[in-house]
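> The following block contains the structure, expressed as structure tokens.
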Amino acid sequence: MLMVTALYAAILAALMIWLSIQVIKQRRKAQVKYADGGVDALTIARSAHGNAVDYIPITLILMAMVEYNGASLWMVHTCGIVFVIGRILHAKGILADKLKGRISGMKMTFLVMAVLIVLNIVYLPFDRMW
């Protein structure tokens, strides 16, 4: 069975590694071992990483489930592409302290999540659940 979601999981894992590296760079620069040490740049980097950790896993689970339950691959790809773009816009927006990128990124994130929620309900194999 082909799993298109694996492609987006790999791309998003790379984004999470990149965000982790941004946190590490700020920790080294400010010589902070734990938390954020009150350093704004480190707080921002941690926020960007933390936000990704909050939204990426559940969205990938929703994508994998809708794919597994038979949604068209173009639907999965569309959700994956929009989600990746949204996550990149959001991460770059936080790191650059630009509200526009953050707002656009979260709108795209929530849109994809909402679509995946609906698709998962539509494609749920109710006839095989009981």
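> Helix-derived [θ] at 222 nm for the chain: sum -39500 (n - 2.57) over DSSP H runs of at least 4, divide by residue count, nearest 500? Can you show the working numbers first?
Working: 4 runs with 103 residues, N = 130.
Estimated from H runs of four or more residues: -28000 deg cm²/dmol.
> Given Cβ point charges of +1 (Lys, Arg) and -1 (Asp, Glu) and nothing else, what value in debye, to the nearest 20, does the dipole of the chain about its Cα centre take? Present the calculation step by step, with values, prior to reporting the outcome.
Values: 13 positive and 6 negative charges, 127 e Å.
About 600 debye.
> Now, a different point. Name the chymotrypsin sites (Phe, Trp or Tyr not before Pro) in segment 1-40 that are in a loop by DSSP and that have at most 12 other C-beta atoms within 10 Å, would you?
Details: sites: TYR8, TRP18, TYR34; in loops: TYR34.
The qualifying sites are TYR34.
> Something else: Rounded to two decimals, what is Rg over Rh for the chain when you use alpha-carbon atoms and the Kirkwood radius?
Numbers: Rg = 16.9 Å, Rh = 15.7 Å.
When Rh is taken as the Kirkwood radius, the ratio is 1.08.
> If you filter segment 2-52 for trypsin sites (Lys or Arg not before Pro), then keep DSSP loop positions with at most 16 other Cβ within 10 Å, what is left?
Values: sites: LYS25, ARG27, ARG28, LYS29, LYS33, ARG46; in loops: LYS33.
Those that pass, being in a loop and sparsely packed, are LYS33.
No lab work stands behind these numbers, since they all come straight from the coordinates. Because the structure is a prediction, the values reported are computed rather than measured. Glycine also receives a Cβ, built like all others from the backbone with ideal geometry; neighbour counts cover every protein chain displayed.
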